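Some notes on the structure that comes next.
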Amino acid sequence: MNPAQHGAAVTAEAARFVATVKAADLSTPVPTCPGWTLADLTRHVGSVHRWFTELLRQRIQQPPTSRDVDLRLPQDREGLPDWLTASAAEAAAVFATTDLDAPMWAWGVDQHARFWVRRMLFETLVHRADAELALGVSPHIDRALAVDGVDEFLTNLPFASPFAPLTAQLRAPDRALRFSCTDGDESWLVGLRPDGFALVADYPRPSTADATVRGTAEELLLLLYGRRDRQGDAFHLLGDQDLLTHWFTHSAF
């Protein structure tokens, strides 16, 4: 997917989120985000949109020293869905006037404005799935989006330790873990070494994986974000189970 497609998908996923929560009781708990209600979830997604939009508007070149941004929150929680719609519209307007290939600071590997659009997309998509799960709806994720989301997650996870500190413990003596799609030929190989981990593009390619997780792209994406149990029927687990336990214990995003 390209940055323009990511931007269009942000708008579409935000609309799906709003459609999910609009008629719901916003006090409904969200089991996949312990301690949150649908109101909290909606507030979080809209806040992410407004924060990332401000970063893009300023096209910052170094880590921000403040996270203060005018969220313009509604006075009551019933206004949150419409507020999220407005947040997504503001983001789309900034996408349209920003060179998404322009250099820009980002916490991940891609130091361009497009990083923030892609990151906003998967924040919105995964939390849309959270809202659906909270309401007993089985989420559906377009396969192309799911494939891109798995890639985005695994590409950026090695840089996430400032806010996901357990990832710093994803180390091992030259081990390899593979995630493979059962509904396509996509596959990602993650190398773990004593000094860290990364996709194998940054490591010599191991001839085989020490452990493999197989599932559809949609299920793999939800699994990586902790929204699925790897022991469920959706997955086929092969190889070193201790390595899999090590990964899932320390890869929470």
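Quick check on segment 116-253: take the gyration tensor over C-alpha atoms, sort the square-rooted eigenvalues as a ≥ b ≥ c, and tell me if it's rounded (a/c under 1.5), prolate or oblate. In terms of gyration-tensor shape, prolate. Taking every alpha-carbon pair under 8 Å whose residues sit at least 6 apart, the chain reaches a relative contact order of 18 percent.
Restricting to Cα atoms and excluding each atom paired with itself, what does the Kirkwood estimate give for segment 55-180 in Å?
Values: mean 1/r = 0.0581 Å⁻¹.
It works out to 17.2 Å.
So what's the net charge close to R171: Lys and Arg +1, Asp and Glu -1, counting the other residues with Cβ under 11 Å from its Cβ? Could you put the intermediate results ahead of the total?
Numbers: positive: R175, R193; negative: D174, D195.
Result for the local shell: 0.
I'd like to know how segment 1-123 sits against the 2.2 N^0.38 Å rule of thumb: what's its Cα Rg over that expected value?
Working: Rg = 14.7 Å, N = 123, 2.2 N^0.38 = 13.7 Å.
Ratio of Cα Rg to 2.2 N^0.38 Å: 1.07.
Using a probe of 1.4 angstrom, how much of the accessible area of the chain is carbon and sulfur, in percent?
On the way: 6020 of 11600 Å².
C and S atoms contribute 52 percent here.
What does the helix-only formula give at 222 nm for the chain: each DSSP H stretch with n ≥ 4 adding -39500 (n - 2.57), the total divided by the residues, and the result rounded to the nearest 500 deg cm²/dmol? Kindly include the intermediate steps, with their values, before the conclusion.
Working: 7 runs with 110 residues, N = 253.
My calculation for the chain gives -14500 deg cm²/dmol from helical runs alone.
Seen against the Cα atoms of the chain and their longest principal axis, helix 38-58 is set at about 90 degrees.
Projected label points at D142 and V109, each 7 Å from Cα along the beta carbon direction, are separated by 2.4 nanometres.
Scattering from the chain was approximated by placing one identical point on each alpha carbon and applying the Debye formula without solvent; log10 I(q)/I(0) at 0.07, 0.09, 0.14, 0.17 1/Å stands at -0.24, -0.41, -0.99, -1.38. Simple rule: put +1 on each Lys or Arg Cβ and -1 on each Asp or Glu Cβ in the chain, find the dipole, and look at V200, W107, F153; the Cα lying farthest toward the positive end is W107.
Computed from Cα atoms, the angle from the helix 241-250 axis to the main principal axis of the chain rounds to 30 degrees. The residues D185, D101, sorted by heavy-atom accessible surface at 1.4 Å with ligands and nucleic acids left out, run D185, D101 from largest to smallest. Counting only Cβ charges, +1 for Lys and Arg and -1 for Asp and Glu, the dipole size of segment 17-115 around its Cα centre is about 100 debye. Between the helical axis of 114-134 and the longest alpha-carbon principal axis of the chain there is an angle of about 90 degrees. In this calculation the C-beta distance from A24 to V200 is compared with R0 = 45 Å, giving a FRET efficiency of 0.60. Relative to the current alpha-carbon distance between F253 and V69, full extension at 0.36 nm per residue lengthens the span by 63.9 nm.
The values are calculated or read from the model by the stated rules, or taken from the named source; none is laboratory data. Everything numeric in this text was worked out from a predicted model, so none of it was measured. Here the Cβ is made from the backbone with ideal geometry for all residues, glycine too, and neighbour counts use every protein chain on show. These area figures cover heavy atoms from the full protein model, side chains too; ligands, DNA and RNA do not enter into them. Shrake-Rupley method; radii C 1.70, N 1.55, O 1.52, S 1.80 Å.
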